[in-house]
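Read the structure below first, then the notes.
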Amino acid sequence: MKIIMGANGALDGFVLGAAVDMPRGIRINAVSPEVLEVSREKYDGFFRGHVHVSNEDVGLAYSKAVEGCLSGQVFIVD
């Protein structure tokens, strides 16, 4: 299930819109992770219904966003 709302929707829309106007091959992407597994105990009960994702998966998404060749993408980690 993918629901974009609030601040995330605004950021996602900005990334998509800004990508076409970036000069000189500059790229822009966003990473949208769920709650990190390492934070499960600290935030227990605050994010009911959210999937906990591994640090490694989030790190790989950031690596893909920064080192990859795509632009104007939102990488959702769930």
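What follows draws every value from the coordinates through simple rules; no lab data is involved. None of the values given here were measured: they were computed from a predicted structure. Backbone-built Cβ (ideal geometry, glycine too); neighbour counts: all protein chains shown.
How far is the Cα center of segment 46-78 from the Cα center of segment 13-38, in Å?
11 Å
Please check: in the Gaussian network model of the chain (C-alpha springs, under 10 Å), which one of Ala19, Ala65, Ala30 has the largest mean-square fluctuation.
In this elastic network of the chain, the residue with the biggest mean-square fluctuation among Ala19, Ala65, Ala30 is Ala19.
At Asp57 and Leu11, where each label point lies 7 Å from the Cα along Cα→Cβ, what is the point-to-point distance in nanometres?
1.8 nm
Considering only Arg27, Arg48, Arg40, give the residue with the highest GNM mean-square fluctuation for the chain, with springs between Cα atoms whenever their separation is below 10 Å.
Of the options given, Arg48 has the highest mean-square fluctuation.
Could you list Ser54, Ser32 so that the one with the fewest beta carbons within 10 Å of its beta carbon is first and the one with the most is last?
Result, fewest neighbours first: Ser54, Ser32.
Candidates (1) 18.3, 47; (2) 20.3, 75; (3) 14.1, 46; which is the computed Rg and Dmax of the Cα atoms in Å?
For Rg and Dmax of the Cα atoms in Å, the calculated option is (3).
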